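The values are calculated or read from the model by the stated rules, or taken from the named source; none is laboratory data. Model, not experiment: these values are computed from the prediction. Cβ sites come from the backbone with ideal geometry, for glycine too, and all protein chains shown count toward neighbours. Keep in mind that these areas ignore ligands, DNA and RNA; they rest on the heavy atoms of the full protein, side chains included. Shrake-Rupley method; radii C 1.70, N 1.55, O 1.52, S 1.80 Å.
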Amino acid sequence: MTDPEEPEGSAPAAGQPSPPPGCPAHTRAPLLSGLDHQQTPTQLYRALRAEHGSIAPVVLDGGIPAWLVLGYTEVTYVTSHDELFARDSRRWNQWETIPEDWPMKPFLAHQPSVLFAEGAEHQRRAGVITEALETVDQFELAQLCRELAEGLIDTFAGSGRAELMDTYAHALPMRAVVQLCGMSPDSQDTEDLVRDLRISLDAAESDDPVAAYLRAQERIERLVKDKRNAPGPDLASRILAHPAGLTDEETVQDLITLIAAAQQPTTNWICNTLRLLLTDDRFALNVSGGRLSVGQALNEVLWLDTPMQNYIGRWAVRDTRLGGQHIRAGDCLVLGLAAANTDPQIWPEGHIGAENSAHLSFGNGEHRCPYPGPLLADVIARTAVETLLERLPDVVLAVEPYELTWRPSILMRGLTSLPVMFTPVVQ
């Protein structure tokens, strides 16, 4: 495998002209949002590869230029070389052009969070989260998720119809994650928190993501204050009690990161897997919840319907070249996780080997999802899918597969709804 970084003086790859000096966006750079990206992102990624190769110029909402890293090798390289492509967003050379109410600003403006920490500071912060997550017993988590799943299914099992995205796929990981963090899973306050975090990451046209993020931050600040005064057997208390001595502000930011990273991607993982099981004939004979078919579906979704399809991002520390493109110091690189997972360079002839787990859905390198986060997410998602199929073995889609639509998000890959019908179950 060749090193994707090239010497500063090398020429662009054939057919891949560099952008004009001083501007990371090519004049034909597409907007990384809209209906085409929402419904058929793979077609956009294919077109960008054909024109630009593994690194493509794109434009974010508001006309903000960035680079989309499409190649598996290139995403792996960028995330493995923090000395070239760092996480501190204060390096971004576009901040002067970004308005205060920019929808993506809440999660990209620098915060004293593990997300933006680098070097020894990131290792300290990530170590606290890792050690807190390691205290979660996977068997107890599975039992908790089973109980939550049973309770949610009970609310609609007798009706014969349900919309699974909001009433099940969203609700189950939300309740599990907030309970692990020491909040009541059934309070309106908790519902409001998760709704606001969802808006921050995946805002509809009428939403205000900046205001939503501020409300979520205020709620976590109250949680941290409560846990300082009365600690319990939960993640928030364990983070506060860690010898690393995180401040309340650091703890608030890291809890926001933890909850947001665990809840919305896991929701999409559950729903995308249910969609696969209900629409793909390969799983039709085993849709009653057999462990092998569910496990295959969960892993295939990580490859082909990556729950977090793009991640923003990395910022170039200095001028460099990558994939035939000239990257300026301070340029933003969007990690195209979904594009990398379907890179034809690693899957020749279009064959996706979903039986292996070398996908990039949980990131890569020092800033990947901290261990054992992916294992805990798998427990939540697997339990949710298996329990539903065991309780409602004849569940089918209530609409045609082509009628399902995807949420308009450049970050997340998730359905707007998943309506199903089944034989009513008498309680």
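Under 12 Å from the Cβ of T135, count the other residues' Cβ atoms, weight Lys and Arg +1, Asp and Glu -1, and hand me the total. Intermediate values should be presented prior to the final figure.
On the way: positive: R238; negative: E131, E134, D137, E140, D234.
Around T135, the surrounding residues sum to -4.
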- Task: Once you've got the GNM for the chain with C-alpha springs shorter than 10 Å, pick whichever of P209, P374, P401 has the biggest mean-square fluctuation.
- Result: P401
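At 222 nm, what value in deg cm²/dmol follows for the chain if DSSP H runs of at least 4 each add -39500 (n - 2.57) and the sum is divided by all its residues, to the nearest 500? It would help to have the intermediate numbers written out before the result.
Numbers: 14 runs with 184 residues, N = 427.
Dividing the helical sum by the residues of the chain leaves -13500 deg cm²/dmol.
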- Taking only C-alpha pairs under 8 Å that are 6+ residues apart, what is the relative contact order of the range 368-427 in percent? 31
- Could you tell me which of A212, M183, T279 has its Cα farthest along the dipole of the range 165-297 towards the positive end, charges placed at Cβ (Lys, Arg +1; Asp, Glu -1), taken about the Cα centre? T279
- Residues of the chain: accessible area per residue at 1.4 Å, in Å²? 42
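Run the numbers on the chain and let me know its relative contact order in percent, using alpha-carbon pairs under 8 Å that are six or more apart. Could you put the intermediate results ahead of the total?
Values: 723 pairs, mean separation 115.4, N = 427.
Normalised by residue count, the contact order of the chain is 27 percent.
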- Query: Which loop GluC sites (Glu not before Pro) in the range 142-210, with loop taken from DSSP, have no more than 15 other Cβ atoms within 10 angstrom of their Cβ?
  - Reply: E205
- Message: How large is the accessible surface of K225 in square angstrom, using a 1.4 angstrom probe and rounding to the nearest 10?
- Response: 130
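With +1 on each Lys and Arg Cβ and -1 on each Asp and Glu Cβ, and nothing else charged, work out how big the dipole of the range 299-427 is about its Cα centre, in Debye to the nearest 20. Walk me through the intermediate numbers first.
Values: 9 positive and 14 negative charges, 132 e Å.
Value, rounded to 20: 640 debye.
Could you work out what % of the accessible surface of the chain is carbon and sulfur, using a 1.4 angstrom probe and leaving DNA, RNA and ligands out of the count?
Details: 9660 of 17940 Å².
Carbon and sulfur together cover 54 percent of it.
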- Using only protein heavy atoms and a 1.4 Å probe, report how much of R222 is accessible, in Å² to the nearest 10. 110
- For S187, the accessible surface traced by a 1.4 Å probe with all protein chains present amounts, in square angstrom to the nearest 10, to 40
- Item | Unit charges on C-beta of K, R, D, E only; dipole of the chain, Debye | 200
